[in-house]
Amino acid sequence: MRKALIGKKIGMTEYFNEDGKVVPVTICELGPCVVIQKKTDEKDGYQSLKIGYMEQKAQRLNKSIAEDLKKRGIDPKKIFREIEVFDDSLAEGSVISCDIFADNDTVDVTGVSKGKGFAGVVKRYGFKGGKKTHGSTFHRAPGSIGACAYPGEVWKGQKMPGRDGNKTTTVKNLKIVKVFHDENIVLISGAVPGRKNSIIVVKEKAKG
């Protein structure tokens with residue numbers, strides 16, 4: 001089972017290794033998260049942990065969610081996610097912190113990428129475009145998008161201009177450079193998806 005935790009992207013900086021090399025890292029705040037519900041095969045048909053992150057006012061929650069948390073004796077939370085049951089000892093009300101991760105762990109980070117608005121195919125997909133010479137009428141256009149007679153339609157998934165970014169994406173095989181347990185801060189090598197203060201989910205790399 002893969003360890004996972006909800007967190008927040010703080011920003012980017014540099015970290016100096018013990019050998020003096022500079023590593024570009026993303027500063028992430030991971031946890032603490034509270035186990036809201038432990039789902040089982042007998043009751044729910046599958047196993048998972050529903051966890052909550054970030055404090056929230058009760059009046060800002062959906063009434064059914066607020067009542068459910070109140071019934072379980074758990075303070076209101078803002079963000080909810082389901083993760084795999086990586087530790088059978090975890091029960092409702094248990095707190096999960098960044099202690100589950102260690103230096104040099106390999107993780108996958110999921111978040112919502114930065115929105116870049118409406119973009120053409122050159123910016124969105126890296127199309128080469130046409131000639132830049134005088135007289136050319138083909139510069140940054142997408143070109144042909146399908147046949148005339150058959151199939152007489154544009155194939156689903158055809159690369160065309162449209163909204164770029166602002167979608168859920170996962171960056172895999174990133175290494176945890178340093179974990180600061182006291183502050184719930186984790187330094188992850190490279191860039192993770194999303195803008196500053198955006199919500200991310202960090203999962204242990206899938207084995208096999």
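From the square roots a ≥ b ≥ c of the eigenvalues of the alpha-carbon gyration tensor of region 15-77, which class results: rounded (a/c under 1.5), prolate (a/b over b/c), or oblate? Oblate, because a/c is 1.5 or more while a/b does not exceed b/c.
With only the Cα atoms considered, region 116-164 has a convex hull volume of 88 Å³ per residue.
Other residues whose C-beta falls under 12 angstrom from the C-beta of Phe101 contribute a net charge of +2, scoring Lys and Arg +1 and Asp and Glu -1. Straight Cα distances below 24 angstrom link Lys21 to the lysines Lys9, Lys172, Lys175, Lys178, with same-chain residues fewer than 8 positions distant left out. Taking every alpha-carbon pair under 8 Å whose residues sit at least 6 apart, the chain reaches a relative contact order of 31 percent.
Straight-line cross-link partners of Lys128 among the lysines, defined as a Cα under 27 Å from its Cα and at least 8 positions apart when in the same chain: Lys114, Lys116, Lys156, Lys159, Lys167. Highest mean packing first, where packing is the average number of other Cβ atoms within 10 Å per residue, the peptides 195-205, 3-13 line up as 3-13, 195-205. Say a site is exposed when it is one of the chymotrypsin sites (Phe, Trp or Tyr not before Pro), sits in a DSSP loop, and has at most 13 other Cβ atoms within 10 Å; what is then the longest site-free stretch of the chain? Looking at the chain, 47-137 is the longest stretch - no exposed chymotrypsin sites (Phe, Trp or Tyr not before Pro) with at most 13 other Cβ atoms within 10 Å. About its Cα centre, the dipole of the chain is roughly 1500 debye, where the only charges are +1 on Lys and Arg Cβ and -1 on Asp and Glu Cβ.
When the square roots of the Cα gyration tensor eigenvalues are ordered a ≥ b ≥ c, the ratio a/c for region 98-208 is 1.5 or more and a/b exceeds b/c, which makes its shape prolate.
Dipole check for region 116-164: with +1 at the C-beta of Lys and Arg, -1 at the C-beta of Asp and Glu, and the Cα centre as origin, the magnitude is about 300 Debye. Farthest towards the positive end of the charge dipole of region 27-165, among the residues Gly115, Tyr46, Gly135, is the Cα of Gly135, using unit charges on the Cβ of Lys, Arg, Asp and Glu. Assuming charge only on the beta carbon of Lys and Arg (+1) and of Asp and Glu (-1), the dipole of region 149-199 about its Cα centre is about 120 debye to the nearest 20.
Readers should treat all values here as calculations from the given coordinates under stated rules, not as data from a laboratory. Note that the coordinates shown come from a computational prediction; the quantities given were computed from them, not determined experimentally. Heads up, the Cβs are rebuilt from the backbone with ideal geometry, glycines too, and the neighbour counts pull from every protein chain shown.
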